[in-house]
Amino acid sequence: MWELDQKEYFFLLLPIAVLIALFIADLWWRKRKKAEFASVKALQLLSPNQSFTKVILKAILPLSCLLLITIALVNPKIGTKVVTVKRQGVDIVFTLDVSKSMLAKDMAPDRLTKMKQLVSQIISNLGPDRIGIVGYAGSAFPLLPITTDHYAAKMYLQSMNTDMVSSQGTAFAQAIQVASNYYDNPNTSKVMILISDGEDHGDDMQSAIEIAKNKGIKIITIGVGTEKGGPIPIESRNGTTYKRDWDDQVVITKLNPATLEQIAKQTGGAYYYGANTQEVVDLIKNDLSKIEKSDFESQQIAEFQSQFQWFLALALLLLFLNTFVLERKTKWIQKWNLFNDKTPKA
């Protein structure tokens with residue numbers, strides 16, 4: 001296996017190609033001017049020690065040197081070493097509300113986008129922790145199994161929308177139950193980060209909390225939205241309208257922190273208001289730093305070894321040899337006729 005560490009340095013191949021083109025053009029120009037000046041035999045008599053082949057060699061050596069330095073900067077790597085890696089971290093499951101109320105724009109740009117920003121920033125500040133994602137509205141569904149692939153988690157996060165669940169509402173109980181089943185190792189430290197506007201339309205909340213407590217899961221809750229609330233927009237071909245109730249009144253969805261505070265308090269977690277993204281990220285980072293890390297993975301991986309030094313050494317060797325190459329014929333080499341240069345007879 002191999003990889004290229006710094007591919008951006010390939011742009012240096014362009015000036016090298018320009019230098020090659022200029023050298024070829026210079027050779028052609030010299031040849032034409034010499035032809036105008038005298039015949040080939042006359043030129044050989046006038047400059048018997050001039051070596052055309054060594055002129056080319058004199059150009060090839062520094063150009064090859066530049067090419068090798070470029071490859072050294074790119075730093076090719078080859079996987080030749082196998083090591084054992086142990087990871088220490090926390091198992092974290094993000095339990096995310098995707099009900100229609102998350103489309104309200106009382107928290108800019110809207111609650112759903114704000115939730116994605118929060119989760120993305122939290123993931124970016126995690127260590128080697130394992131993470132999973134559960135989505136919920138009127139029902140809960142597993143989205144991403146617990147994994148160490150944070151990049152994949154961010155991809156799944158961006159794909160979340162309010163059309164993923166047909167049944168509407170905010171079923172906290174089912175969401176906590178589904179997320180609780182994600183933890184596959186009873187010995188790891190477990191954290192659930194539940195983000196919602198707090199509007200609960202489900203039941204059996206207490207039984208779900210008891211399940212989390214029995215499994216040793218600490219639930220951190222984050223509220224998105226405002227207590228003043230806002231309407232729920234409905235996008236259609238005719239423009240934007242707002243959700244209405246049976247009395248044809250515009251529905252106003254409001255943040256309900258009480259439910260979120262209750263969940264966090266009973267599981268030994270904490271509740272945070274999600275208005276300030278950086279503040280929330282820092283608070284959660286601080287909370288996670290206090291939790292005991294667990295050994296949850298041991299695997300064999302191939303470490304890529306840098307190979308730039310070989311190309312750099314060869315470039316320095318060519319540069320050294322270039323100092324000994326002259327454009328005229330060398331007498332002791334001329335005897336061997338390595339370059340097949342013919343010496344004209346007078």
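Take the residues in the stretch 253-279 that are in contact with a strand residue (DSSP E or B) (Cβ under 6 Å, 6 or more places away or on another chain) and within 20 Å of Gly230 (Cβ to Cβ), then tell me which one is surrounded by the most Cβ atoms within 10 Å (Cβ to Cβ).
Leu260
Going by what's in this entry, would Lys34 be described as open to solvent by 70 Å² or more (accessible area, probe 1.4 Å) and modelled with pLDDT under 85?
When the stated conditions are applied, Lys34 passes them.
Within the stretch 280-294, identify whether any single residue is of a type outside the set (Phe, Trp, Tyr), under 36 Å from the mean Cα position of the chain (by Cα), closer than 30 Å to Ser64 by Cα and open to solvent by 60 Å² or more (accessible area, probe 1.4 Å), and answer yes or no.
Checked against the condition, which is being of a type outside the set (Phe, Trp, Tyr), under 36 Å from the mean Cα position of the chain (by Cα), closer than 30 Å to Ser64 by Cα and open to solvent by 60 Å² or more (accessible area, probe 1.4 Å), the stretch 280-294 yields no hits at all.
Does Asp197 count as acidic (Asp, Glu) and under 27 Å from the mean Cα position of the chain (by Cα)?
no
How about the stretch 129-165: which of its residues are in contact (Cβ under 8 Å) with a residue 24 or more places away in the chain and in a loop (DSSP other than H, G, I, E, B)?
Those that are in contact (Cβ under 8 Å) with a residue 24 or more places away in the chain and in a loop (DSSP other than H, G, I, E, B): Asp129, Ala137, Gly138, Ser139, Thr148, Met160, Asn161, Thr162, Met164, Val165.
Any idea which residue in the stretch 241-259 is nearest to Ala173 (Cα to Cα), counting only those that are part of a strand (DSSP E or B) and without any contact (Cβ under 8 Å) to a residue 24 or more places away in the chain?
This residue is Ile252.
So Pro145 ticks every box in (1) surrounded by fewer than 20 Cβ atoms within 10 Å (Cβ to Cβ); (2) modelled with pLDDT under 90 but one. Which box is left unticked?
(2)
Looking at (1) under 19 Å from Leu194 (Cβ atoms); (2) not in a strand (DSSP E or B), can you tell me which one Thr95 breaks?
Failed condition: (2).
Please report, ordered by residue number, the strands (runs of 3 or more DSSP E) entirely within the stretch 169-240 with at least 3 residues that are in contact (Cβ under 8 Å) with a residue 60 or more places away in the chain and surrounded by 14 or more Cβ atoms within 10 Å (Cβ to Cβ).
In the stretch 169-240, 190-196, 217-223 are the strands (runs of 3 or more DSSP E) which contain 3 or more residues that are in contact (Cβ under 8 Å) with a residue 60 or more places away in the chain and surrounded by 14 or more Cβ atoms within 10 Å (Cβ to Cβ).
The values are calculated or read from the model by the stated rules, or taken from the named source; none is laboratory data. Treat the numbers as computed from the prediction; the structure is a model and nothing was measured. FYI the Cβ positions are ideal-geometry reconstructions off the backbone, even for glycines, and counts take in every protein chain you see. Note: accessible area is taken over every heavy atom of the protein model, side chains too, but ligands, DNA and RNA are not part of it. Shrake-Rupley method; radii C 1.70, N 1.55, O 1.52, S 1.80 Å.
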